[in-house]
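The structure under discussion appears below in the form of structure tokens.
The values are calculated or read from the model by the stated rules, or taken from the named source; none is laboratory data. Since this is a predicted model, take the numbers as computed values, not measurements. All Cβ positions, even for glycine, are placed from backbone atoms using ideal geometry, and neighbour counts span all protein chains on display. We work out accessible area using only protein heavy atoms, side chains counted, and drop any ligands, DNA or RNA first. Shrake-Rupley method; radii C 1.70, N 1.55, O 1.52, S 1.80 Å.
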Amino acid sequence: METVEIDATGISTEDLNERLMALMLDGTEKFVLKNVCGQRYIGTRLYSKNGNKPRVDIDITGTPGSDLGAFMSGHRVRVHGNVQDGVGNTMDDGEIVVEGRAGDVLGMSMRGGKIFIRDNTGYRTALHMKEYLDKKPVLVIGGTTQDFLGEYMAGGIVILLGLGELPHNQTFIGTGMHGGVIYIRGKVDKLQVAGQVDISEPGVEDRKLLDKFVGEFIESFPDLGLNKEEILKGDFIKLAPKSKRPYAKMYA
Amino acid sequence: MKSFVFPEFQIIRDEEKCGQCRGCERQCSFGTHTYDPLTDRLISDDYKCAGCQRCVIFCPKDAIVVRPTQSFYRPNASWSREKIEDLKKQAETGGVILTGCGNDKPFRIYWDHIVLNASQVTNPSIDPLREPMELRTFLGAKPDLMDIDFKGGDVEIKTKISPHLMVETPILFSAMSYGAISYNAFKSLATASKQFGTLFNTGEGGLPRELRAEFGGNAIVQVASGRYGIDAEYLNCAAAVEIKVGQGAKPGIGGHLPGEKVSQSVAETRMIPVGTDAISPAPHHDIYSIEDLSMLIHALKEATNYEKPVSVKIAAVHNVAAIASGIVRAGADIIAIDGLRGGTGAAPKAIRDNVGIPIELAISALDMRLKNEGIRNRCSIVAAGGLRSSSDIIKAIALGADAVYIGTAALIAMGCTLCQKCNTGKCNWGLCTQDPRLSGRLNTEIATKRLTNLLNAWSHEIMEMLGGMGINAIESLRGNRDHLRGIGLYEWELEVLGIKGAGQ
Amino acid sequence: MPRIRRELYNKEICACSIFGAMNRDGERFTGKGVMKAIANMHVRGNGLGGGFAAYGIYPEYKDYYAFHLMFTGNSPEAKRSAKIGFDAFLCENFDVVSDDEIPHSDEVVVSDPPLIWRYYVLPRKQGEEALLSDEDYIVKMVMHVNTKIENAHVFSSGKNMGCFKGVGYPEDIGEYFMLDKLYSAYTWTVHGRFPTNTQAWWGGAHPFSLLNTTVVHNGEISSYGTNRWYLEMYGYACTLQTDTEVIAYAVDLLMRRQSIPIEIVAKILAPPIWNSIDRMDEKEKKLLTTLRMVYGSLLMNGPFAIIIGQTGKMIGLTDRIRLRPITAATRGEMFYLSSEEASIRLISPVLDSVWTPNGGEPVVGELNNMRTVL
Ligand code: SF4
Ligand code: SF4
């Protein structure tokens, strides 16, 4: 497998992504990007029109710019550091692992793939996340999020592990939610959750999902030395929409 | 609760002519007509009629007349019948009034107050039947100047030209999504644009996979706030990508396709489960500001390897010129503006009838603003919302548009009668419905023919009018307000339109 | 103030990048780092406006009000004559201790630079004006200059601080004023602008400032019309054709004139949603309900992220549902606020903590010892 290392210091967003594209089309399968500082849309351009679906690995040190992995189809990104806003925007497939925190609108309208965030995330996480047939996006967050988690959520799985120091203080969880599921480890007051959402305890099937994705999360961050049993022992709540049609009765 | 609203339409059947074939019963999806075997007669329930005229046209004996009801409330200039009835409906349901099509209120239609010029003596008019008359139009961002290298007789363009769209006539089909309109209607638009050499717009409902290879090259694919049906293939198969920020029929609000319209195939195209509401939030939640828009524009350029122009569609609102200027600076190649009268598959009536500004004023304000700022060539303007004829189109171009989008006009070409019941999903003309029994009524070959006929006829008329003005290439009319004069307009209106009064 | 029919606000759509850096020990540093940081967010602006506010730059004149003045005109003569007009006004109402042209570099090409002058002054109140506090007097005079004296505009009017701004990318404006060489401040705030108005209007760049308060802003205030009328009742003339100035005036009105602490001011500018208020305990509920009743006209509606600079303080605040981004970070005594984390990392790769502040909740950096600058 051919690996290319790029020092991103001073390279513009456009030039960086153009180089990744050219190298990918030439057969490079792994990139190591050093000193990334604010360059946007990494992974977005990497699509080949001739029908074959190349899959590359991108290893990033530094702070990538907003819209990391936006519209991305099927690559694996690992960031040693924090990420900004719009990560995984409308992402179709692939995997993003962040050894740090994420900004606002993480995983907006994402329809496939997985995102693992070690720490906390900002506002509007998983906004209008979707799913379709076998495409079921998964978002696991080690800590917690800020307000408006899962607004308009229409599919996919979001798991908040609450491993950090911050309690789950966010409000307006699941406003307009009409699909998908959110699992939260720890305490959440009913008032933090929108009226369209049903709060329950995870059942057997839910436990299986949690087992699987918490496992994957732990594998993604081997350095943390997390203990799966320990985590799964904690109290989880399950948030699911009451209806697929939250706004059906609004009209005359 | 007994409804206090009386029927909108009255059905009159000529019993002499009626042959009891029950055709009307089959035609009406609203269940207005029923056959009574006891009396061997057809009975009509006026309350159910939407006034779409389907049964009238398809009655083999011409036995039916459908007309607005003759009952009326005591006349009252303030409390019109519409106001009274909307209010009653709301008192009965507590809901928002939903409707289809565009604003039908008597706001001034500026097209009808603008006249065109023609050459007499000083400059010959041109005969379009004999002489070349060019409507080909390029849409995209033009550079300020072209850097050209002459080397040993060889000429090389050094400036990087951004991607452009080429259309054979400045008329494009406006965004109408599969889901809002039927598959057959969608496919007819695609086919007609391909046959004629123009473009159709997928709207935000995705582009069915089986249509991509054949019609992708004629498609402008939309990325709207709901982000339905978007993946890399969708973006890359198209001619251009359009970010839909707003729509003339409902500026500032989102929408949703009710679950009952999300059939198997609509679900596949949008990539959502069957039967769920497809919600389009009011804003794009990754655009709360102009620099966010810039980010999405560039994300889409990245996602399409900088090979496609990116258009941004907004509703014509008060500050449309300033907003559009920001959009150009944010990197859009095309700006589509949709005026007050733009149509919709469903919108709250309060919004449809009260928000936005007329497209005529918006085009002019926008064109002038961009010219004043010296950035007009950095984008193309596509105007939409309320274009009803070739003369409206030519006026739009003279006011500064590069091309126009037609939506309602295209639907009418295929059979729409503007009954405004698009939101019910029961369109008798097979246009705005996902009911296979109804959409099957629209024959794609015939609909395609009707659409290409319309494009043909309008293009010809545009050529005639151009020739009359002594112009033989459409670009010479773009923003050429000298060829327009206003009639019956106030000073401020002439000023916004940038035209003189007739006789001046 | 007489109610005359005013020309309607000529709206401009403006979006931006913002950055701020503060040394809480009051140690001063040049503008080099913040210029580098804002340049990293180049794409968020469009080269039509950039500006800086710097605190602690005039220690030798720290007891005097430092006025940064802009004089515009079509020719050098016109600019000079604008200055002559202003000087006459100034000498009548102030004691001028010293003045000079603000140095600039001719190597940096900027579009149509105005004449920019600096004055160190003390108020000379006459007659009834003696009843006014120094600050109210300054506000009155600044409003007079901005509305009545043609082609003269006050960039800033506080003590031991100043604004430097103009048409261009912020990094170019920084070089034009040589902020990396000539000035050291304990707080710098910066703005890169994306307006849609091309007129080279230097006054339209951020920061907006009055006395010691400066504001850099990202977003658009949809309540501008309401905010403006309210502030005009209190004598603030909104002349700069942009929505940001109302924030500066609102902060002046609330924090200086009415002595309301920033924690409460934040609840006026960006109040919690009624839904949340309804759930609070009685006391808090009453406070927030009353604040909204009284100050509803100062609610800044629409998306915004701002950095407010004040003597010894740097405050970050976003709108109540946080529609614009801001990231806060600390490293030792350094406190940073930025539209994007990458810019902070560029000048301080290692950070003690980084976080996304909650919408409507201010993040405040304060000098450990105010006396170092007063
Ligand atoms: S809705 Fe249409 S088809 Fe039905 S009765 Fe009325 S006019 Fe005839
Ligand atoms: S599309 Fe159909 S439902 Fe809509 S107005 Fe036309 S005929 Fe009526």
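By the Cα gyration tensor, the range B:243-360 has an equivalent ellipsoid whose semi-axes, rounded to whole angstrom, run 25, 21, 11 from largest to smallest. May I ask which residue of C:254, B:29, B:457 lies farthest towards the positive end of the charge dipole of the protein assembly as shown, with charges of +1 (Lys, Arg) and -1 (Asp, Glu) on Cβ and the Cα centre as origin? Checking the options against the dipole of the protein assembly as shown, the answer is B:29.
For the range B:9-72, the extents of the C-alpha atoms along the principal axes are 32, 23, 23 Å, listed from largest to smallest. The mean number of partner chain beta-carbon atoms within 10 angstrom of a residue's beta-carbon across peptide B:208-219 is 0.
Summing Lys and Arg as +1 and Asp and Glu as -1 over all other residues whose Cβ lies under 10 Å from the Cβ of residue C:96 gives a net charge of -2. For the range A:159-210, a Kirkwood hydrodynamic radius built from all Cα pairs, placed in the Stokes-Einstein relation at 37 °C and 0.692 mPa s, yields a translational diffusion coefficient of 272 µm²/s.
Rounded to the nearest whole angstrom, the semi-axes of the ellipsoid equivalent to the range C:118-205, taken from the Cα gyration tensor as √(5λ), stand at 29, 18, 10, largest first. Treating each Cα of chain B as an identical point scatterer and summing with the Debye formula, the log10 of I(q)/I(0) at q = 0.11, 0.13 Å⁻¹ comes to -0.98, -1.31. The residue among B:137, B:122, B:98 whose Cα reaches farthest toward the positive pole of the charge dipole of the range B:87-153, with charges on the beta-carbon of Lys, Arg, Asp and Glu, is B:98.
Given a 1.4 Å probe and no ligands, DNA or RNA in the count, how much accessible surface is buried by B and A, both sides, to the nearest 100 Å²? That pair of chains buries around 3700 Å² in total. Taking all protein chains together and a 1.4 Å probe, the residues C:190, C:294 rank C:294, C:190 from largest to smallest accessible area. Measuring nothing but protein heavy atoms, the accessible surface of the protein assembly as shown at 1.4 Å probe radius is 51 percent carbon and sulfur. Normalised by residue number, the volume inside the convex hull of the Cα atoms of the range A:138-252 is 95 Å³ per residue. The C-A contact accounts for roughly 1700 square angstrom of buried accessible surface, both chains included, probe 1.4 angstrom. Would you list which lysines come within 27 Å of residue B:17, measuring only between C-alpha atoms, while excluding same-chain residues fewer than 8 positions from it? Within the straight-line cut-off, residue B:17 pairs with B:48, B:61.
The C-B contact accounts for approximately 1300 Å² of buried accessible area, totalled over both chains at a 1.4 Å probe radius. Legend: P(r) of the range B:345-491 from all alpha carbon pair distances, 5 Å bins from 0, whole percents, reading 2, 8, 14, 17, 16, 15, 12, 9, 5, 2, 0. Entry comment: accessible area of the protein assembly as shown is 39 Å² per residue, from protein heavy atoms only and a probe of 1.4 Å.
With the cut-off at 30 Å, tell me which of the pairs B:2/B:421; B:105/B:308; A:212/A:244 have Cα atoms farther apart than that. Distance filter (> 30 Å) returns B:105/B:308.
Against chain B, whose longest principal axis is taken from its Cα atoms, helix B:81-93 shows a tilt of about 70°. Here residue A:242 sits with roughly 130 square angstrom of accessible surface, probe radius 1.4 Å. The charge dipole of the protein assembly as shown, taken about its Cα centre with unit charges on the Cβ of Lys, Arg, Asp and Glu (plus for the first two, minus for the last two), comes to roughly 2980 debye.
For the range C:16-372, the ratio of Cα radius of gyration to the globular rule of thumb 2.2 N^0.38 Å stands at 0.95. List the lysines whose alpha-carbon lies under 18 Å from that of residue C:32, not counting same-chain residues fewer than 8 positions away? Cross-link targets: C:165, C:181. Within a straight-line Cα-Cα reach of under 16 Å, residue B:187 can be paired with the following lysines, leaving aside sequence neighbours fewer than 8 residues apart in one chain: B:449. Compared with the dominant Cα axis of chain B, that is its longest principal axis, helix B:359-372 is turned about 20°. No solvent, one uniform scatterer per C-alpha: report log10 I(q)/I(0) for chain A via the Debye equation at q = 0.07, 0.13 1/Å, two decimals. Values, matching the q order: -0.23, -0.77. The residues of the range A:213-252 listed by number as losing at least 30 Å² of accessible area in the complex, against the isolated chain and with a 1.4 Å probe, are A:244, A:245, A:247, A:250, A:251, A:252. For the protein assembly as shown, the spherically averaged projection of the C-alpha convex hull amounts to 53.4 nm². Three semi-axes describe the equivalent ellipsoid of the range B:366-438; taken as square roots of 5 times the Cα gyration tensor eigenvalues and ordered largest first, they are 35, 13, 9 Å.
Computed from the Kirkwood radius of its Cα pairs, the Stokes-Einstein diffusion coefficient for the range C:235-374 at 10 °C and 1.306 mPa s stands at 97 µm²/s. Taking only Cα atoms, what is the 0 to 90° angle, nearest 10, from helix A:204-220's long axis to the longest principal axis of chain A? Compared with the principal axis, the helix lies near 30 degrees. A simple charge model with +1 on the Cβ of Lys and Arg, -1 on the Cβ of Asp and Glu and nothing else charged puts the dipole of chain C at about 840 debye relative to its Cα centre.
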